[in-house]
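Below is one structure; the comments refer to it alone.
The values are calculated or read from the model by the stated rules, or taken from the named source; none is laboratory data. The structure presented is a predicted model; accordingly, all values stated were derived computationally and were not measured. Methodologically, a virtual Cβ is constructed for each residue, glycine included, from the backbone with ideal geometry; neighbour enumeration extends over all protein chains shown.
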């Protein structure tokens, strides 16, 4: 992230660096129950959300603290929804409802990814029982902020175009032909990659994936990141997708392609679907080596 | 290429298939979506998609698929579209397979198929337990290719607000709002396809549906004159997780793959479920429906669970919950076939369904009803005439509807895994119909005067202005909560006329309250409260259509259950027995009165309900539903 452009307008009492104490507990303590996180009576449990807000794409961000009541089973999306019923800041002042994206609430649509206590992840599956009593929410980094926790992830989808992540059908009609057979073993390996929900968490965590301003300055030439690369791995394996394998490999051998990966392994650590992104990148390394030789010898 | 312009509203399976079909023929499609495409509710479909491939040695047939679908829907669906749907299913699967969809495989590398409810043959193709997401990947990639070729232009984060009609009442475009800048703008087109999905949010939070499945777009075109059919038929999925924020779906595939539903015989039994011996468990579905057991259709299963918990007081611990048990199955098998739902359950309930049975209860899931759409009967095949411009046309010329927002294929109850099929197939058929419609058009929308476009923009801006400057007191999110509670308690699994009368009165009151909204923010940028306030107003109007339609139908059919008018099956299962004969006579008489499509038309003082005949030209409705 670039520097925090916050004006700290409202009531954040401590700086970001020093507020971790309350929020960071050991995993064991979190799972042991509510004892360490519940300061109020058990049946009127509340948490403090420290939200990095931003009114428009071009204005500065600022921090705001709110207290939200918590029900059993709540997650970050559900408490943000609760907050809309009565949007007041911690000091009792009424504030604008927080803008954020969500849809499925079961971690399959990818809409609600954000930074939660500094980690990029879908907010719907971030259960409050696993978090502290002070939770820091920030928009997903690397993508332009639309408002508050809502970001524009258009780049994700542009990259799928850049790597030609599709099978070239003659047309969408039924031509009465089936695709060739696929072994169960191959299916099991491919299916891992087709579970990508395009949340962008891997890109937020990747040290090589550039900020949107950097990417905008060099359109089509900055690092694709693991999300699009994994789809190349998937489509190159499909019996029909294979026909355009060379095109896809050449796309990821160009500037901003595979070799920009710094092997930090952050992507696999944060992927909510446990997609083996670095395995895909490794396989693509071998494929591009072969492709480079083919290109060299005109095979 | 003629290069006409078409607007598709909605980027789920139906909308993407329509886009693909239309843009694939060289026309330009403007695709409107409330959010980035790939975040639509279609990705939440889990268990699979039905198509007769007969690869499991069970002598499955298209004729059987047609019969199961019609009977599962209590004979209420028009039959030619159902016939064509089932006949077209294998072609839809073949196309998906060519797109690269990761369907699960048999050891021979062919498409695997599994069992689903209301069916005796393995007919459901699947991709693990994330089939909807996988199918979406396939069509999304194809649409992206057309986008790269310049044939598709996506309008992401735009909300459909209304249609623009010319002097003859023909739809000539739409007005939509940019959800970031709040700019309201008219778009011209030679045809409009609505593929805006379901309306489970009318029952929030007791619903499996995504938060954007509000039905607001369908409500808006209904208020502009489109007819809405069979609104009273709304499916409650029997196996949803318990949850205060959302009741997450646990796929019917769990039962199809061998999952068993049970409760302790003693509701006060506090033992861990795994410690309760078999003899002390009540497998009530297997007990009541030995022929189909746990894979009875959804309406039957939901009512059975309802009865066990609410009427017999036999829910676990006396509560609204029963066990859905997978613990007796092979762990590796369940992990491969149902991994996606296991993961959802583990994450949100905190226990492992392989170790401890899941706890579930019915929740609002799928609208069988929707925008009324036409079809052209083909006398040569008995199905629908391919490429007819009448197919999937709404009652407003130039406006088409497909996917869950139409009412086309499922009658009074949808069979599991028929929705991914109908969403995809109807998108394809609606797309083909639009192509014919375009070929028959004499003039495009370009030459039309600006007047109707400007007028609709002004009307919509006035609504926004009223909300932003209004001095009401109602929080729109609280109104939504009130709506969900009202619909869940009064227009739910079990209905009665006194409750429906109260629901109708309460909805009218809720609509009055919704005229006095306080947005609590005046931001002119990405004001989500404004968008939600508008949705809530339109959801309440749609709820009135559902309640009025439910009030008007005095019978039990599929998901619409009014015990007062129930015709209980005779205890004998022998069709030749006198009591069965008697039952048949009453069943026939009831069909003569009620086997009709409910059609609602917008009227200033509420929905006007009429009935129209069902096309029964394929199979005479001579089999009462008996899954015992």
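Please go through the range B:464-474 and pick out each residue that is out of contact with any strand residue (DSSP E or B) (no Cβ under 8 Å at 6 or more places or on another chain) and either within 20 Å of residue B:246 (Cβ to Cβ) or in a helix (DSSP H, G or I) (or both). Matches in the range B:464-474: B:465, B:466, B:468, B:469.
Restricting attention to the range A:120-142, report how many residues are more than 23 Å from residue A:71 (Cβ to Cβ) and assigned to a strand (DSSP E or B).
Result for the range A:120-142: 2.
What do you reckon, is residue B:26 within 14 Å of another protein chain (Cβ to nearest Cβ), in contact (Cβ under 8 Å) with a residue 12 or more places away in the chain, surrounded by 24 or more Cβ atoms within 10 Å (Cβ to Cβ) and not in a helix (DSSP H, G or I)? No. Consider only pairs whose beta carbons are under 9 Å apart and that are at least six residues apart or on different chains; among these, list those whose first residue lies in the range B:104-116 and is within 14 Å of another protein chain (Cβ to nearest Cβ) and without any contact (Cβ under 8 Å) to a residue 40 or more places away in the chain and whose second residue is crowded, with 20+ Cβ neighbours inside 10 Å and in a loop (DSSP other than H, G, I, E, B). Hits for this filter: B:105/A:182; B:105/B:112; B:109/A:182; B:112/B:103; B:112/B:104; B:112/B:126.
For the range A:35-70, a residue qualifies if it is modelled with pLDDT under 95 and either within 15 Å of residue B:244 (Cβ to Cβ) or within 14 Å of chain B (Cβ to nearest Cβ) (or both), and the qualifying residues are A:43, A:45. Taking the criterion of being more than 19 Å from residue B:344 (Cβ to Cβ) and either within 11 Å of chain B (Cβ to nearest Cβ) or in a loop (DSSP other than H, G, I, E, B) (or both), the residues of the range A:95-119 that qualify are A:95, A:96, A:97, A:98, A:99, A:100, A:101, A:117, A:118.
What is the residue count in the range A:190-217 for residues that are in contact (Cβ under 8 Å) with a residue 24 or more places away in the chain and more than 19 Å from the chain's Cα centre (by Cα)? Residues in the range A:190-217 being in contact (Cβ under 8 Å) with a residue 24 or more places away in the chain and more than 19 Å from the chain's Cα centre (by Cα): 1 in total. Listed conditions (1) within 14 Å of chain A (Cβ to nearest Cβ); (2) within 29 Å of residue B:374 (Cβ to Cβ) are all met by residue B:131, apart from (2).
Yes or no: the range B:303-320 includes at least one residue that is within 14 Å of chain A (Cβ to nearest Cβ), in contact with a helix residue (DSSP H, G or I) (Cβ under 9 Å, 6 or more places away or on another chain), touching a residue at least 60 places away in the same chain (Cβ under 8 Å) and part of a helix (DSSP H, G or I). The answer is no, given that none of the residues of the range B:303-320 is within 14 Å of chain A (Cβ to nearest Cβ), in contact with a helix residue (DSSP H, G or I) (Cβ under 9 Å, 6 or more places away or on another chain), touching a residue at least 60 places away in the same chain (Cβ under 8 Å) and part of a helix (DSSP H, G or I). Would it be correct to say that residue A:204 is assigned by TED's automatic domain parsing to the domain that holds residue A:182 and farther than 29 Å from residue B:97 by Cα? Considered against the rule, which asks whether it is assigned by TED's automatic domain parsing to the domain that holds residue A:182 and farther than 29 Å from residue B:97 by Cα, residue A:204 comes out as yes. Remark: residue B:521 matches the filter, which requires a residue to be outside any helix (DSSP H, G or I) and free of Cβ contacts under 8 Å to residues at least 24 places away in the same chain. With respect to residue B:509, is the statement that it is over 23 Å from the mean Cα position of the chain (by Cα) and part of a helix (DSSP H, G or I) true? The answer is yes for residue B:509. If you take the residues of the range A:174-216 that are more than 14 Å from chain B (Cβ to nearest Cβ) and assigned to a loop (DSSP other than H, G, I, E, B), which of them is surrounded by the most Cβ atoms within 10 Å (Cβ to Cβ)? Ranking the candidates gives A:209 first. For residue A:231, the conditions (1) over 23 Å from residue B:130 (Cβ atoms); (2) at pLDDT 95 or above; (3) part of a helix (DSSP H, G or I) are fulfilled apart from (1).
Here the condition is being within 30 Å of residue B:342 (Cα to Cα), surrounded by fewer than 19 Cβ atoms within 10 Å (Cβ to Cβ) and without any contact (Cβ under 8 Å) to a residue 60 or more places away in the chain; of B:91, B:57, it holds for B:57 alone. Inspection of the range B:475-483 identifies at least one residue that is outside any helix (DSSP H, G or I) and either within 14 Å of chain A (Cβ to nearest Cβ) or in contact with a strand residue (DSSP E or B) (Cβ under 6 Å, 6 or more places away or on another chain) (or both).
Taking the conditions (1) surrounded by fewer than 22 Cβ atoms within 10 Å (Cβ to Cβ); (2) over 22 Å from residue B:258 (Cβ atoms); (3) more than 9 Å from chain A (Cβ to nearest Cβ) in turn, residue B:120 satisfies each one other than (2).
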